[in-house]
Amino acid sequence: MTRIVVRPVPTRAALMLEQSGVHPLLARLFAARGITEKSALATRLDNLLPPDDLLGAGEAAVLLADTIAAGRRILIVADYDCDGATACAVGLRALRAMGATVDYLVPNRFDTGYGLSPEVVRLAVPMKPDLIVTVDNGIASVEGVAEARRLGIATLITDHHLPGSELPAADVIVNPNQPGCRFPSKAAAGVAVMFYVMLALRAELRKRGAFSDDKEPNLADLLDLVALGTVADVVPLDRNNRVLVTQGLQRIRGGRMHAGIKALFAVAGRDPAQAGTFDLGFALGPRINAAGRLADMALGIEALITDDPGRALNIAGQLDAINRERRTIEADMREAASILLDNLDAESRASLVLFDPEWHQGVIGILAGRVKEQLHRPTFAFARGNEGEIKGSGRSIPGLHLRDALDLVAKRRPNLLKRFGGHAAAAGLTLREEGLAEFEAEFEAVARELIAPEELQRTLVTDGALEAGYRGLDTARLLREEVWGQGFPAPVFADVFEVESQKLVKDKHLKLSLREGKTRFDAIRFNSATPAPARIEAAYRLDINEWNGLSNVQLLIEDFVAAPA
């Protein structure tokens with residue numbers, strides 16, 4: 001059963017925010033998320049952190065400027081998710097605007113693995129690069145960088161993932177999480193790191209007198225791409241990331257977006273004038289990610305670098321079709337997983353490990369996330385990879401740092417894991433198929449050691465009761481205007497309601513009519529057929545349901561528990 005708790009609110013901070021002019025409800029919400037003064041909410045471009053403290057950014061700018069000046073060729077090696085695709089698009093657009101000869105390569109995740117591997121370097125050789133620039137990958141590519149060096153190709157690593165014990169011997173590394181980097185925003189996504197490198201390059205070229213007054217590129221025009229990659233990669237929205245995302249959303253809402261972004265909104269049936277982080281994370285991001293999961297991420301990158309509206313719409317339509325295919329595959333995999341889970345006593349376990357030889361490698365991460373959300377257990381889903389190997393993708397719960405857990409498994413069973421990597425919430429690994437049972441047992445043992453028993457109960461943190469006067473359209477619109485996301489969660493309120501009626505919609509969504517006193521509310525709980533008792537404590541988001549030109553408040557139910565009569 002879910003435990004619904006209320007997020008504490010520092011009363012003094014909330015009062016000070018309200019006295020400084022912040023809306024009373026927002027003051028309470030912001031204070032609960034660690035905001036103590038109004039200045040921390042400033043999201044103008046001049047509130048961005050400068051590139052100066054980003055270790056390696058200045059050196060990267062010199063390397064790139066020298067390469068451009070010499071007419072040498074640059075090749076961007078991209079990752080195969082939305083963060084990597086947007087980072088690649090930012091790099092291509094900015095570098096071309098600053099006079100570079102630049103192309104890109106996005107490897108097939110199933111053939112060459114993750115990052116700048118030696119195989120990827122050899123794939124790059126026919127493109128004759130003088131400099132390889134990685135985006136959203138490369139910090140673990142020790143062997144790949146060594147291969148590039150052997151072939152006489154310079155390397156610039158731009159990444160944001162946690163480094164291992166050995167850094168690649170690249171010409172320059174730019175990563176806020178590398179040792180010695182003082183850049184305050186450790187949560188920068190790969191696209192943000194590349195954006196900062198482009199800022200540093202522009203400053204270097206400006207210093208060299210490379211621009212006439214009318215030819216210096218406006219890099220702020222790239223912020224719609226930066227916002228999309230940042231939200232889609234689910235990095236914590238610290239202050240710097242909130243500035244980047246807010247600025248990107250403002251451009252999208254104002255119609256100042258790239259053709260591919262506009263086309264993705266169109267095929268998703270979303271209105272860019274009302275754009276929010278939900279649209280970026282759950283409508284646009286999955287369509288870009290689907291290309292990397294099932295097909296070729298080059299398709300996603302092409303959508304983001306074309307300026308032809310017709311071509312952008314055509315590619316967006318292809319991405320939409322691939323995403324629909326991904327949903328069908330996922331539905332079949334979830335059905336198979338349900339059968340496997342029927343034979344497991346999930347409640348008695350601290351972890352879950354699932355494998356089906358028919359599962360698709362590109363979708364196992366999504367499946368692991370669905371199971372984790374359903375059963376509140378760290379979960380790995382496996383699919384077959386190369387000859388005799390299986391590849392796993394995992395998602396974790398608060399209380400278990402997944403990458404650290406895998407590291408502990410690897411230390412205890414030195415020959416079990418062939419490769420692994422990731423971070424606290426998500427990780428991946430490769431092992432021999434015959435080692436699955438051993439991994440399942442060892443991972444369960446590690447999970448039991450590291451997870452406190454109370455952390456195995458799902459806890460839904462809410463913002464408590466929402467005052468009756470705030471349950472209207474004005475409040476819903478007010479909340480929709482703000483930037484919410486990982487580490488700065490969207491408001492979830494908790495109140496007690498009488499259930500007047502309920503019915504299933506499309507056999508999987510529970511639609512309810514709720515009442516509190518004399519006020520009635522329409523509500524819906526997606527992807528749940530569990531009937532509600534007569535009186536519930538509901539955790540919900542305030543939403544706007546728009547139908548036939550009319551707008552009404554709707555409660556999106558996250559979960560509910562029976563409330564005493």
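Restricting attention to region 454-502, the residues that are at pLDDT 95 or above, under 16 Å from residue 561 (Cα atoms) and of a type in the set (Ser, Thr, Tyr) total 1. In region 20-43 there is no residue that is aromatic (Phe, Trp, Tyr), at pLDDT below 95 and under 23 Å from the mean Cα position of the chain (by Cα). When residue 493 is tested against (1) without any contact (Cβ under 8 Å) to a residue 24 or more places away in the chain; (2) in contact with a Gly (Cβ under 8 Å, 6 or more places away or on another chain), just one condition goes unmet, and that condition is (1). Scanning region 450-464 for residues that are surrounded by fewer than 18 Cβ atoms within 10 Å (Cβ to Cβ), acidic (Asp, Glu) and part of a loop (DSSP other than H, G, I, E, B) turns up nothing. Looking only at residues in region 209-233 that are among the acidic types (Asp, Glu) and modelled with pLDDT of 95 or more, the one that is nearest to residue 285 (Cα to Cα) is 224.
Please indicate, with yes or no, whether at least one residue in region 512-524 is at pLDDT below 95, surrounded by fewer than 17 Cβ atoms within 10 Å (Cβ to Cβ) and not in a strand (DSSP E or B). So far as region 512-524 goes, yes, one or more of its residues are at pLDDT below 95, surrounded by fewer than 17 Cβ atoms within 10 Å (Cβ to Cβ) and not in a strand (DSSP E or B). Residue count for region 465-482, restricted to those that are outside any helix (DSSP H, G or I) and closer than 22 Å to residue 8 by Cα: 5. Can you name every residue in region 21-71 that is of a type in the set (Asp, Glu) and either touching a Pro at 6+ places or on another chain (Cβ under 8 Å) or closer than 17 Å to residue 243 by Cβ (or both)? Matches in region 21-71: 37, 46, 52, 53.
Let's see how each residue does on (1) crowded, with 21+ Cβ neighbours inside 10 Å; (2) acidic (Asp, Glu); (3) more than 30 Å from residue 252 (Cα to Cα):
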residue	(1), (2), (3)
326	yes, no, no
331	no, no, yes
352	yes, no, yes
356	no, yes, yes
361	no, no, yes
367	yes, no, yes
373	no, yes, yes
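Within region 72-112, the set of residues being buried (at least 21 other Cβ atoms within 10 Å of the Cβ) and among the β-branched types (Val, Ile, Thr) comprises 74, 76, 77, 86, 90, 102, 106. Residue 106 passes every criterion in (1) at pLDDT 95 or above; (2) among the β-branched types (Val, Ile, Thr); (3) assigned by TED's automatic domain parsing to the domain that holds residue 191 apart from (1). Considering only residues in region 390-404 that are crowded, with 24+ Cβ neighbours inside 10 Å and of a type in the set (Gly, Ala, Ser), the one that is farthest from residue 438 (Cα to Cα) turns out to be 396. Selection of first residues in region 21-33 that are assigned to a loop (DSSP other than H, G, I, E, B) and of second residues that are crowded, with 20+ Cβ neighbours inside 10 Å and hydrophobic (A, V, I, L, M, F, W, C), restricted to Cβ pairs under 6 Å at least 6 apart or on distinct chains, gives the following pairs, ordered by first then second residue: 33/488. Within region 486-499, which residues are of a type in the set (Gly, Ala, Ser), under 17 Å from residue 556 (Cβ atoms) and surrounded by fewer than 21 Cβ atoms within 10 Å (Cβ to Cβ)? Result: 490, single match.
The values are calculated or read from the model by the stated rules, or taken from the named source; none is laboratory data. Given the structure is predicted, the values throughout are model-derived calculations rather than measurements. Don't worry about glycine lacking a Cβ; one is built from the backbone with ideal geometry, like all the others, and counts go over all protein chains shown.
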